[in-house]
Amino acid sequence: MAGPLTFTLLCGLLAATLIQATLSPTAVLILGQKSSKKVKLTQELKDHNTTSILQQLPLLSAMQEEPARGIPVLGSLVNTVLKHIIWLKVTTANILQLQVKPSANDQELLVKIPLDMVAGFNTPLVKTIVEFHMETEAQAIVRMNTSASDPTRLVLSDCATSHGSLRIQLLNKLSFMVNILANQVMNLLVPALPNLVKNQLCPVIEASFNGVYADLLQLVKVPISLSLDRLEFDLLYPAIKGDTIQLYLGAKLLDSQGKVTKWFNNSAASLTMPTLDNIPFSLIVSQDVVKAAVAATLPPEEFMVLLDSVLPEIAHRLKSSIGLINEKAADKLRSTQIVKILTQDTPEFFIDQGRAKVAQLIVLEVFPSSEALRPLFTLGIEASSEAQFYTKGDQLILNLNNISSDRIQLMNSGIGWFQPDVLKNIINEIILSVLLPNENGKLRSGVPVSMVKALGFEAAESSLTKDALVLTPASLRKPTSPVSQ
């Protein structure tokens with residue numbers, strides 16, 4: 001019969017599993033083997049004075065304790081060796097390139113931290129320091145920690161170094177007696193050094209990993225500015241898949257006062273997860289989050305254009321087109337004629353077959369002059385644009401390519417009923433010349449993706465899947481920007 005502790009553990013695991021099963025992420029940050037977080041971990045180790053700790057390893061006392069435990073003969077041998085040594089210490093130490101790979105358990109990652117050291121000892125037998133080279137490898141496991149009371153997180157554990165990874169080599173051959181003494185010292189270090197690394201260094205490695213993990217959580221929370229609003233990501237839960245760490249994210253949209261206006265903690269559909277293919281990291285953002293970002297950047301607005309002053313050729317063609325409908329109405333048009341454009345609600349962003357599109361509702365009114373209180377007519381327009389993402393450094397920019405009316409409806413008319421499709425060509429010219437530059441001007445400032453540089457890369461590039469926007473580090477080729485309207 002299972003005891004209370006077992007029952008509690010099972011309940012905790014079940015609760016965490018159910019939470020993850022009900023949370024469909026709206027974004028995922030995937031960190032691969034080549035992620036610069038390895039570099040960050042190396043830097044964290046240096047910041048924790050790891051090399052200094054290695055240089056202060058108590059080699060003499062470790063040699064004395066390790067082999068002599070309960071074996072008097074070995075203890076006597078150690079004393080014989082040590083009486084010929086004045087001091088023994090690590091003189092230089094370096095941390096080499098970290099390696100991260102899947103462990104035997106596919107829900108764990110094995111982190112290998114190679115250590116390179118030179119140690120030396122002084123003996124009355126010679127006037128010079130006897131030096132030898134030591135190489136070893138600290139290994140730790142990154143695994144998921146799931147509990148009922150705390151959120152699921154990544155933890156570092158099982159830190160150790162094996163005898164098999166230890167290599168010690170004498171740097172300089174000296175006299176016969178000194179060489180024998182040096183070999184004895186190195187033989188005694190073989191069992192002593194692994195315990196030293198485990199006891200002295202592993203706590204520092206764990207603290208460094210915790211620092212990197214805290215920084216990682218912090219960087220995904222950095223707000224993304226969207227005009228007056230901002231977008232923020234939150235960690236739902238992490239996971240280990242193969243040789244990658246995947247952070248499953250929810251999102252929220254906040255207004256200028258910091259009030260949450262929309263939550264994105266549950267995607268309508270599961271995200272398509274592209275493979276990294278040796279790419280250091282990948283940020284996948286669902287189209288509903290991108291849609292909200294576009295809407296926040298392009299809020300509903302209203303503006304008027306003195307068409308004859310700004311676009312006289314289009315003004316002339318508009319008058320001719322209206323003349324085909326009603327000559328008297330065309331004669332009412334003055335040099336101060338006004339076109340009033342209102343964008344309704346917010347744009348609809350969607351991905352179709354790997355291509356991005358933006359659809360929007362527009363109300364267009366034509367006033368014969370600046371003094372007129374009533375428009376000649378009012379049109380409701382369903383317009384759409386091809387949309388293209390591109391990047392400049394760590395800035396993600398959306399550009400609307402072309403814009404056209406898919407459907408035009410006559411909403412109100414002071415010149416009698418007419419078929420609005422008669423005006424389709426000139427209406428397309430107006431919204432292309434007036435509305436599109438205005439919207440691209442707002443989009444041109446771009447969205448800073450701070451995690452790109454925080455992960456150690458200067459620039460990003462974007463691509464689309466069938467349901468998401470994907471950001472990855474930029475390749476060596478120079479990105480090209482589309483020509484904006």
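Results, tabulated for the structure shown:
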{"quantity": "Highest average packing first - 24-31, 133-140, 203-210, Cβ atoms within 10 Å", "calculated": "24-31, 133-140, 203-210"}
{"quantity": "Proximal aspartates and glutamates relative to Lys466, as straight alpha-carbon distance under 12 Å, when same-chain residues fewer than 8 apart are discounted", "calculated": "Asp352"}
{"quantity": "Carbon/sulfur fraction of accessible area - the chain, other protein chains in place, 1.4 Å, %", "calculated": "54 percent"}
{"quantity": "Accessible area per residue in Å² at 1.4 Å probe, computed on region 105-261", "calculated": "44 Å²"}
{"quantity": "Label-to-label distance, nm, for residues given as Met144 and Thr92 (7 Å Cα→Cβ offset)", "calculated": "4.5 nm"}
{"quantity": "Full-stretch length increase - Gln55, Glu386 - with 0.36 nm per residue and alpha-carbon distance subtracted", "calculated": "113.0 nm"}
{"quantity": "Packing-based ranking, highest mean first, of 354-360, 86-92 given that Cβ atoms within 10 Å are counted", "calculated": "354-360, 86-92"}
{"quantity": "Difference of contour (0.36 nm per residue) and Cα-Cα distance, Glu301 to Lys241", "calculated": "17.1 nm"}
{"quantity": "Extreme residue, positive dipole direction of the chain, given options Val190, Tyr213, Ala93 (C-beta unit charges)", "calculated": "Val190"}
{"quantity": "For region 426-451 and region 321-340, distance of Cα centres in Å", "calculated": "28 Å"}
{"quantity": "Distance between region 240-302 and region 402-421 - C-alpha centres, whole angstrom", "calculated": "37 Å"}
{"quantity": "Distance (nanometres) between label positions extended 7 Å along Cα→Cβ at Gln395 and Ile279", "calculated": "2.2 nm"}
{"quantity": "Gyration tensor (alpha-carbon) shape descriptor, the chain, a/c threshold 1.5", "calculated": "prolate"}
{"quantity": "Karplus 3J(HN,Hα) series, Hz, for region 232-241 with 6.51 cos²θ - 1.76 cosθ + 1.60 (x for Gly, Pro)", "calculated": "10, 9, 10, 6, 7, 6, x, 7, 10, 10"}
{"quantity": "Packing-based ranking, highest mean first, of 300-313, 185-198, 368-381, 279-292 given that Cβ atoms within 10 Å are counted", "calculated": "279-292, 185-198, 368-381, 300-313"}
{"quantity": "Cα gyration tensor shape of region 159-314, rounded if a/c is under 1.5, else prolate or oblate by comparing a/b with b/c", "calculated": "prolate"}
{"quantity": "The chain, dipole about Cα centre (Lys/Arg Cβ +1, Asp/Glu Cβ -1), debye to the nearest 20", "calculated": "1000 debye"}
{"quantity": "Debye log10 I(q)/I(0) at q = 0.10, 0.11, 0.20 Å⁻¹ for region 376-485, Cα point scatterers", "calculated": "-0.43, -0.50, -1.02"}
{"quantity": "For Ser404, residues with placed amide H under 5 Å, excluding near neighbours", "calculated": "Ser384"}
{"quantity": "Greater than 25 Å apart at Cα, pairs in Lys101/Lys291; Lys262/Lys340; Lys40/Lys291; Lys198/Lys221; Lys328/Lys424; Lys357/Lys392", "calculated": "Lys101/Lys291; Lys262/Lys340; Lys40/Lys291; Lys198/Lys221"}
{"quantity": "Positive dipole terminus of the chain, leading residue within Gly441, Leu226, Ser463 (C-beta point charges)", "calculated": "Ser463"}
{"quantity": "Per-pair calculated FRET efficiency, R0 = 25 Å: Ser227 and Leu324 via Cβ, rounded to 0.05", "calculated": "0.05"}
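The values are calculated or read from the model by the stated rules, or taken from the named source; none is laboratory data. Keep in mind the model is a prediction, meaning the values are calculated, not measured. Note that each Cβ is placed from the backbone with ideal geometry, even for glycine, and that neighbours are counted across all protein chains shown. Areas reflect the complete protein model, heavy atoms only, side chains present, ligands, DNA and RNA absent. Shrake-Rupley method; radii C 1.70, N 1.55, O 1.52, S 1.80 Å.
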